[in-house]
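Notes for the one structure printed next.
Readers should treat all values here as calculations from the given coordinates under stated rules, not as data from a laboratory. Note that this is a predicted model, so its numbers are computed, not measured. Counting neighbours? That spans all protein chains shown, and the Cβs are built from the backbone with ideal geometry, glycine included.
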Amino acid sequence: MGQTLAELLDAAAEGRFPPADGGTTVVPQPGPRDAGVVAFTAHSVVFVDDDPDWVYDTLRTIDSDPLAATMHPRFLAALLDRTGRVMDTVDLLTVAPARTGPPPLPLRELTDPDHPRAVRARRHRDDVRVWAADGGIVALGRGVAGRWEAAVEVDPGTPHPGLGRALAVAARHLVPPGQPVWAQQAAGNARSVRAFQAAGFRPVGAEALLAAP
């Protein structure tokens, strides 16, 4: 098992996961922007520039199933208070391999750096690029530990069924050859979860991303 978050994520993208032993691994943040927790099956990874003993001691105080402790609201609240960071929600973390050839629908790249989708994406990613289709957009950038991350957005009331899935498939054609592409979906956003899984993204865990305020 790798000793950095990037190595752990690269392994997970290839289907190799930490041992399902109920344990927690604490690794340094990949950079100053990103801290958080990734929960794989029966093993969690906390990436934070802090004392690992504090993490383990705090987890022992959480009154829950030990396998769920790293994603328990009390632990996440303690981690947020400790680091002074903020978060939105716990996401389903998914990944898919790149595809060759052109995307399955016409796209035009948006070059306006002030486009709302580009502005939002740059809060969490580097090297952001955004493409528009009729009724939606797909954004791509380098996120946690430098991984390629995709996000799609479908206009409300769009008359094109399956557009979300097609945009998610397009993301697999837009990443460099041989690189996996990651995507997070809020667990309650069932439509997004279905679209990404239909596009070939497989769930690998849950992620709580802590951002600087």
Original post:
In segment 97-120, which residues have a backbone nitrogen under 19 Å from the label point lying 7 Å from residue 158's Cα in the Cα-to-Cβ direction?
Top reply: 102-112, 115-120
Original post:
Stretch residue 110-residue 16 to full length: gain in nm at 0.36 nm per residue minus the Cα-Cα span?
Top reply: 30.2 nm
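Based on Cβ point charges of +1 for Lys and Arg and -1 for Asp and Glu, what charge dipole magnitude is obtained for the chain about its Cα centre, in debye rounded to the nearest 20?
In debye, rounded to 20, the chain gives about 720.
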**OP:** Only one of the values (i) 63, 16, 13; (ii) 36, 20, 13; (iii) 31, 17, 16 was calculated from this structure for semi-axes √(5λ) of the Cα gyration tensor in Å; name its label.
**Re:** (iii)
**OP:** Take the alpha-carbon centre of segment 1-73, take the same for segment 178-205, and report the distance between them in whole Å.
**Re:** 20
**OP:** Would you please classify the overall shape of segment 87-213 from the alpha carbon gyration tensor, given that a ≥ b ≥ c denote the square roots of the eigenvalues, rounded means a/c under 1.5, and beyond that prolate means a/b larger than b/c while oblate covers the rest?
**Re:** rounded
Original post:
Once fully extended, how much extra length lies between residue 187 and residue 74, figured as 0.36 nm per residue of separation less the alpha-carbon to alpha-carbon distance?
Top reply: 38.8 nm
Original post:
So if we plug the beta-carbon distance of residue 123 and residue 82 into 1/(1 + (r/R0)^6) with R0 = 35 Å, what FRET efficiency do we get, rounded to 0.05?
Top reply: 0.95
Original post:
Using θ = phi - 60° and the Karplus curve 6.51 cos²θ - 1.76 cosθ + 1.60, what whole-Hz ³J(HN,Hα) does each residue of segment 95-110 get, with Gly and Pro shown as x?
Top reply: 8, 8, x, 5, 10, 8, x, x, x, x, 8, x, 10, 10, 6, 8
Original post:
When only Cα pairs under 8 Å and 6 or more residues apart are kept, what is the percent relative contact order across segment 9-86?
Top reply: 24
Original post:
Can you give the helix-only mean residue ellipticity at 222 nm for the chain, where every DSSP H stretch with n ≥ 4 adds -39500 (n - 2.57) and the sum goes over all residues, rounded to the nearest 500 deg cm²/dmol?
Top reply: -7500 deg cm²/dmol
Original post:
Which ³J(HN,Hα) values in Hz, rounded to whole numbers, follow from the phi angles of segment 163-177 under the Karplus curve 6.51 cos²θ - 1.76 cosθ + 1.60, where θ = phi - 60° and Gly and Pro get x?
Top reply: 5, x, 4, 4, 5, 5, 4, 4, 4, 5, 8, 8, 6, x, x
